[in-house]
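The values are calculated or read from the model by the stated rules, or taken from the named source; none is laboratory data. Bear in mind the structure is a predicted one, so any value in this text is a computation, not a measurement. Every residue, glycine among them, receives a Cβ derived from its backbone with ideal geometry; neighbour counts consider all protein chains shown.
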Amino acid sequence: MAAAYGELADETTRELERHISGCAECRAEQEQLLALKALVDANPVLEPDANLVARSRQKLEEALDALPPRRWYEWLGQQMRNNFAGLRSAPVAACLLLVAGAGAGGLCSYELAQHRPAAVQTIQTAQAASAEARPAAKADVKTPVADGAASAEIADISSIVRQPNSHMIEVRYNRMVPQRVRGSLDDPAIRQLLMLASQNSTSAGVRNDSVGLLAAECRAGHSCRAAGIRDALMVTLRYDKNAGVRQKALHGLEPYVAEDIRVRNAILEALMNDSSTQIRNAAISILEPVEADTSVRQVLHSVADTDRNPYIRTVSRQVLDNVQEIQ
């Protein structure tokens, strides 16, 4: 993959070329990657969502807070190791000064790390007390959040509950304190929360519920615009680690394989790269209505000839043979 994007060093590139010249399997894989890159390059580059940086920064801070605090001598040792390379060529006086500075910095950092949890706890206690002081009727059930800056304040989605025989959804989400909101599946705020929940890395159950609801909306022909639910399903299909969640996203995208080339490319990627045989087989079935597309036929030929999975090779060859008989 790095070679396809020109990110390998010259020596490594030459070594890779020598290997590929004598390895048919790796050469076929390289051709697949280059064909996929050509398909991706044909589409415009999309700017990331403005809330992505805010959510990523929040998750990073949470991960850092979860790390156990280091003892003072561990901090001092790390600082000395980080500066050792620069100290070797410095004068003696400068070396002593830098060592003293590194030690002081390590001690200060240690003190800050020890006091930060207490400060955070104090802030959270004050915020919880403030929330409890509000009228109960207003603190229990919130109105749908607005788009834009409000979504950046959402830490995560804790649960999704659909009322039986109804379009009403209850979504519980966390800011500084747990909150919840109720509304119809047609409510833009509910849809926004469901899309955020589909990216919840901490709970496979929440991701499964949200992706299932979004996919059902798309399959039912409701509002499933490309810049919104469809994008969320494509991200899930490409990157979610849970095969069941990816499969729900795949079926949600099925109605748009003919009209949206971006959806078609995402399903082609699943056919070529997904680790689940069940998902790859489903991708082949979904692509059958558009097998006349050049990119689809190219990928099917490549999979039928070179894929390591004999079942996937057979199914791909059957699809191609049926197309030839019809023609």
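Table: residues versus (1) without any contact (Cβ under 8 Å) to a residue 12 or more places away in the chain; (2) over 27 Å from the mean Cα position of the chain (by Cα).
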{"residue": "GLN247", "(1), (2)": "no, no"}
{"residue": "GLU259", "(1), (2)": "yes, no"}
{"residue": "LEU271", "(1), (2)": "no, no"}
{"residue": "ILE279", "(1), (2)": "no, no"}
{"residue": "SER302", "(1), (2)": "no, yes"}
{"residue": "THR314", "(1), (2)": "yes, yes"}
{"residue": "VAL319", "(1), (2)": "no, yes"}
> Failed condition for THR277, given (1) under 21 Å from GLU29 (Cβ atoms); (2) buried (at least 17 other Cβ atoms within 10 Å of the Cβ), with all others met?
Replying inline: (2)
> With (1) surrounded by 20 or more Cβ atoms within 10 Å (Cβ to Cβ); (2) over 27 Å from PRO310 (Cβ atoms); (3) hydrophobic (A, V, I, L, M, F, W, C); (4) in contact with a Ser or Thr (Cβ under 9 Å, 6 or more places away or on another chain) as the list, and LEU213 as the residue in question, which single condition is left unmet?
Replying inline: (4)
>> Looking only at residues that are among the small types (Gly, Ala, Ser) and modelled with pLDDT of 70 or more in the range 144-179, which one is surrounded by the fewest Cβ atoms within 10 Å (Cβ to Cβ)?
In response: SER166
> Restricting attention to the range 180-198, which residues are surrounded by 19 or more Cβ atoms within 10 Å (Cβ to Cβ) and of a type outside the set (A, V, I, L, M, F, W, C)?
Replying inline: ARG191, GLN192, SER198
> Quick one: which of ALA282, ALA304 is of a type outside the set (Ser, Thr, Tyr), modelled with pLDDT of 90 or more and surrounded by 17 or more Cβ atoms within 10 Å (Cβ to Cβ)?
Replying inline: ALA282
